[in-house]
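These notes concern the structure reproduced below.
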Ligand code: GLU
């Protein structure tokens, strides 16, 4: 058999904001497509009208754009040869009905006229008979109102009268269903575990089960990657392909592992309390009035976000952790996707952003932070000063938006000083040292980090005080706070005049 062209799809339902788990599914599809020079398609699975959420589709599109994992075909990305890519529009064209009718005709699907009350009754009956998992199947269907129990005439009459009905898959009673999953290997399920799934609903809309198969066939999908929650339905899907006589058109399946809560207990939920976002962009749920913060708005770089995501369930086979998108495209493979669920790790997630923050050129960071700083201080700064600030403070930050809080003293001359440090370190001797250092620094022609550090040390030595005794106090005198980037580098950036002014202020305020 000739190799199929790689065509994969991300097929979200617009039933809410796109959770980060959904983004990961999209990411794996994207990387796989790019690696094999194939196509990555966005299909909107909007057949469940009762769960449709306004704005969700746009949100999905914007999220993929922000993450840089853009489909080359599909809704919002210029369509393509298989348009339309929205299932509601495809339904209008009668695409799904045609396949459902084929299955009815070949005897592999049937009409079912049961009302919801009748279905309820059936469930109660089966529960009373201690049936472990009550379902509409080869046994229970025999007691129901459908075209396997009614005469042809009766069925025709009901159909002609427009009686509400669904079309169900006729699953055999006791047959072994075997299929291969790229991640899980061979899976064997007995058909007695599979229910007679509804394929076409009474409103004429297909269910997910029928619609995604029809679309995967028609859109020539080669590999279907999706969440593990779909694994139990896969046997029914296998039967549908078989009964359509289209097993050769079936994509290879790959069920991706779940993303678990940080403690490993259960699936990561959108209400996770780890303090990190669960959504790529801010999301407001109109139905529940709940707002969710996005990775973007939290201050994440999209590169960091997808780098973190790819490692939830995939591994490169070594200890490397930082990958650009292009590197991922080269090395990604489904064989390295784990079966086991992947624990979400909030600290590690921040760590990724920190790594990307450190990698960003100071020139870029400076321009990102400029508006914040100019707004806070009401002053203008030259690029060099801002770049120096970014170079020094970025070691301490996870996010660009933390940089102001971490280093506002770069811009604002301190008027208060860390009381703890003063209490511990300020005395007559250390104060006189600071005064002396101030004099010696004033004499410097070259106010570089090396020169100021040498001066500080020489003065301390001359006065017989260990630098360890006074270093932090000196830092507090200059910055107001007890910790931060390398002090002498900061002083070089502040310049002589500002540094001396800060020392003068401190000396005037320090009381022993
Ligand atoms: N609409 C399904 C979902 O949102 C798609 C599953 C699949 O990729 O087949 O989970």
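The values are calculated or read from the model by the stated rules, or taken from the named source; none is laboratory data. Worth saying up front: this structure is predicted, and the values here are computed from it rather than measured. We place every Cβ from the backbone using ideal geometry, glycine too, and count neighbours over all the protein chains shown.
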| Any chance segment 357-380 includes a residue that's closer than 29 Å to residue 19 by Cα, loosely packed, with under 13 Cβ neighbours inside 10 Å and without any contact (Cβ under 8 Å) to a residue 60 or more places away in the chain? | yes
| message | Exactly one of these conditions fails for residue 57: (1) within 14 Å of the ligand (Cβ to nearest atom); (2) more than 23 Å from the chain's Cα centre (by Cα). Give me its number. | response | (2)
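Wholly within segment 348-408, which helices (runs of 4 or more DSSP H) include no fewer than the required count, namely at least 2 residues that are modelled with pLDDT under 95? Don't jump to the end; show me each part of the working.
Details: elements: 362-377, 383-393, 403-407.
The helices (runs of 4 or more DSSP H) meeting that bar number zero.
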| task | Looking only at segment 165-182, decide whether some residue is at positive phi and either touching a helix residue (DSSP H, G or I) at 6+ places or on another chain (Cβ under 6 Å) or free of Cβ contacts under 8 Å to residues at least 40 places away in the same chain (or both). | result | no
| remark: Of the conditions (1) part of a helix (DSSP H, G or I); (2) away from the ligand (no atom under 16 Å from the Cβ), the single one that residue 276 does not satisfy is (1)
| field | residue 312 being assigned to a loop (DSSP other than H, G, I, E, B) and surrounded by 18 or more Cβ atoms within 10 Å (Cβ to Cβ) | value | yes
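Within segment 184-219, which residues are under 27 Å from the mean Cα position of the chain (by Cα), part of a loop (DSSP other than H, G, I, E, B) and away from the ligand (no atom under 14 Å from the Cβ)?
Once the filter is applied, which keeps residues that are under 27 Å from the mean Cα position of the chain (by Cα), part of a loop (DSSP other than H, G, I, E, B) and away from the ligand (no atom under 14 Å from the Cβ), segment 184-219 yields only 184.
Return a yes/no flag: does segment 1-9 have any residue that is under 17 Å from residue 223 (Cα atoms), within 13 Å of the ligand (Cβ to nearest atom) and either within 23 Å of the chain's Cα centre (by Cα) or not in a helix (DSSP H, G or I) (or both). I'd like the intermediate steps shown before the answer.
Step one: of segment 1-9, the residues under 17 Å from residue 223 (Cα atoms) are 1-9.
Those left that are additionally within 13 Å of the ligand (Cβ to nearest atom): 8-9.
So of that shortlist, the ones also either within 23 Å of the chain's Cα centre (by Cα) or not in a helix (DSSP H, G or I) (or both) come out as 8-9.
The answer is yes, given that some residue of segment 1-9 is under 17 Å from residue 223 (Cα atoms), within 13 Å of the ligand (Cβ to nearest atom) and either within 23 Å of the chain's Cα centre (by Cα) or not in a helix (DSSP H, G or I) (or both).
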| task | State all residues of segment 223-244 that are more than 12 Å from the ligand (Cβ to nearest atom) and touching a helix residue (DSSP H, G or I) at 6+ places or on another chain (Cβ under 9 Å); if no residue qualifies, say none. | result | 232, 235, 236, 238, 239, 240, 241, 243, 244
| Those residues of segment 15-45 which are within 9 Å of the ligand (Cβ to nearest atom) and assigned to a loop (DSSP other than H, G, I, E, B), in sequence order | 15, 43, 45
| Just checking, how many residues over segment 468-494 are at pLDDT 95 or above and more than 21 Å from residue 394 (Cβ to Cβ)? | 7
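Quick one: in segment 245-273, which of the residues that are part of a helix (DSSP H, G or I) and away from the ligand (no atom under 16 Å from the Cβ) is surrounded by the most Cβ atoms within 10 Å (Cβ to Cβ)? Outline the logic, then answer.
Just the residues of segment 245-273 that are part of a helix (DSSP H, G or I), to begin with: 247-249.
With away from the ligand (no atom under 16 Å from the Cβ) added as a condition, the list becomes 247-248.
Details: 247: 11, 248: 8.
So, considering only residues that are part of a helix (DSSP H, G or I) and away from the ligand (no atom under 16 Å from the Cβ), the one surrounded by the most Cβ atoms within 10 Å (Cβ to Cβ) is 247.
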| message | Going residue by residue through segment 336-346, is there one that turns out to be over 30 Å from residue 185 (Cα atoms) and not in a helix (DSSP H, G or I)? | response | no
| Based on what the data block shows, is residue 121 loosely packed, with under 12 Cβ neighbours inside 10 Å, farther than 19 Å from residue 210 by Cβ and under 44 Å from the mean Cα position of the chain (by Cα)? | no
| note | Within segment 77-126, residues in a strand (DSSP E or B) and within 20 Å of residue 138 (Cα to Cα) come out as 109, 110, 111, 112
| If you take the residues in segment 279-307 that are closer than 29 Å to residue 332 by Cβ and in a loop (DSSP other than H, G, I, E, B), which one is farthest from the chain's Cα centre (by Cα)? | 299
| request: Please state which of the following conditions residue 49 fails to meet, knowing it meets all the rest: (1) crowded, with 20+ Cβ neighbours inside 10 Å; (2) within 16 Å of the ligand (Cβ to nearest atom). | output: (1)
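Residues being outside any helix (DSSP H, G or I) and surrounded by fewer than 22 Cβ atoms within 10 Å (Cβ to Cβ): count how many of those fall in segment 225-244. Even if it seems obvious, please write down each step before you answer.
First, pick out the residues of segment 225-244 that are outside any helix (DSSP H, G or I): 225-227.
Now restrict to residues that are surrounded by fewer than 22 Cβ atoms within 10 Å (Cβ to Cβ): 226-227.
Looking only at that region, the number is 2.
Residues are listed down the side, and each one gets a yes or a no for (1) within 21 Å of residue 498 (Cβ to Cβ); (2) in contact with a helix residue (DSSP H, G or I) (Cβ under 6 Å, 6 or more places away or on another chain):
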| position | (1), (2) |
| --- | --- |
| 319 | no, no |
| 324 | no, no |
| 328 | no, yes |
| 331 | no, no |
| 334 | no, no |
| 340 | no, no |
| 362 | yes, yes |
| 368 | no, yes |
| 404 | yes, yes |
| message | Regarding segment 415-425, can at least one residue be identified that is surrounded by fewer than 19 Cβ atoms within 10 Å (Cβ to Cβ), without any contact (Cβ under 8 Å) to a residue 12 or more places away in the chain and in contact with a helix residue (DSSP H, G or I) (Cβ under 9 Å, 6 or more places away or on another chain)? | response | yes
| Selection within segment 470-512 - surrounded by fewer than 17 Cβ atoms within 10 Å (Cβ to Cβ) and under 13 Å from residue 432 (Cα atoms) | 504, 507, 508, 511, 512
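May I ask you to verify whether residue 62 is farther than 21 Å from residue 240 by Cα, in contact (Cβ under 8 Å) with a residue 24 or more places away in the chain, more than 14 Å from the ligand (Cβ to nearest atom) and assigned to a helix (DSSP H, G or I)?
Details: farther than 21 Å from residue 240 by Cα: yes; in contact (Cβ under 8 Å) with a residue 24 or more places away in the chain: yes; more than 14 Å from the ligand (Cβ to nearest atom): yes; assigned to a helix (DSSP H, G or I): yes.
Yes.
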